[in-house]
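Below: one structure, written as structure tokens.
Please treat every number below as a calculation from the coordinates, not as lab data. Just so it is clear, the structure is predicted and the values come from calculations on it, not from any experiment. Virtual Cβ from ideal backbone geometry, glycine too; neighbours counted across all protein chains shown.
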Amino acid sequence: MIDSLDIHKVFLVGKDFGARVVFHFALLHPNRVLAVATLGVPFLLTGPGTFPQDLLPKGFYMLRWQESGRAEADFGRFDTKTVVKNIYILFSGSELPAAKDDEEIMDLVDPSTPLPAWFTEEDLANYASLYENSGFKTALQVPYRAWLEEYGVEDIKIKVPSLLVMGEKDYALKFSGLERFISSGMVKEYVPNLEITFLPEGSHFVQEQFPEQVNQLIIDFLNKLV
């Protein structure tokens with residue numbers, strides 16, 4: 001695609017599971033990437049030996065959604081708009097979403113819970129209409145059912161300048177040592193040229209919660225490269 005547009009290098013931005021996509025591209029084609037920015041998720045190793053299933057709650061949403069058909073059955077009890085609403089409510093919190101043995105992930109949301117203040121009914125309608133057309137198949141495949149797949153390269157190091165933006169109240173920071181992985185500098189073993197910014201009141205959806213601030217961080221980062 002970038003060849004057809006006669007573009008030599010690209011600046012890649014990935015949110016959540018999109019982080020794996022842009023990092024994978026940077027590993028495979030480092031000479032075609034100017035820089036990488038990710039929101040909500042840092043660089044992470046993949047493969048069977050790097051996914052700490054034994055350290056996660058039994059009913060953790062990622063484990064549940066790895067099971068073929070389980071999320072489909074759970075989501076299928078509701079209309080698309082309700083599923084999207086529940087996801088935004090659930091993943092705007094600061095706790096790891098995990099269900100009991102007699103629960104599914106959608107059961108964790110009280111139907112009376114309002115949307116986050118920064119997510120409007122218009123936003124919800126627009127997102128729901130998109131998922132009405134696409135379904136949730138791809139969203140479940142990447143990353144939940146593809147997490148154990150290797151990157152397929154020997155040199156696991158992102159060699160281009162990178163930016164990570166996360167909210168300090170992002171539930172993902174409680175994910176099996178993820179906060180320590182970032183704050184200790186361990187992440188820079190794989191992404192040596194990395195800038196990290198935490199937004200104090202930010203949730204997992206920092207780009208929607210604070211769009212102007214996140215945009216400015218990305219613009220400032222780009223300006224340093226040109």
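Numbers for the structure displayed
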| item | result |
| --- | --- |
| From the C-alpha gyration tensor of the chain, square roots of 5λ in Å | 29, 21, 18 |
| For the range 64-99 versus the range 193-226, the gap between their alpha-carbon centres in whole angstrom | 27 Å |
| Neighbour-count order for Trp147, Trp118, Trp65, fewest beta carbons within 10 angstrom listed first | Trp118, Trp147, Trp65 |
| Proxy reagent accessibility, fewest Cβ within 10 Å first, across Ser176, Ser112, Ser162, Ser184 | Ser112, Ser184, Ser176, Ser162 |
| Value of D in µm² per second that Stokes-Einstein yields for the range 11-138, Kirkwood Rh from Cα pairs, at 37 °C (0.692 mPa s) | 196 µm²/s |
| Positive-end residue of Leu63, Pro116, Leu96, charge dipole of the range 53-141 with Cβ unit charges | Leu63 |
| Residue-averaged 222 nm ellipticity for the chain, from DSSP H runs of 4+ at -39500 (n - 2.57), nearest 500 | -9000 deg cm²/dmol |
| Computed over the chain: relative contact order in percent, which uses C-alpha pairs under 8 Å that are six or more apart | 26 percent |
| Convex hull volume per residue for the range 85-131, taking Cα atoms only, in Å³ | 86 Å³ |
| Dipole axis of the chain (+1 Lys, Arg; -1 Asp, Glu on Cβ), positive-most option in Val33, Pro143, Val214 | Val33 |
| Å³ per residue enclosed by the Cα convex hull of the range 141-226 | 131 Å³ |
| Ranking of Val83, Val206 by count of other Cβ atoms within 10 Å, fewest first | Val83, Val206 |
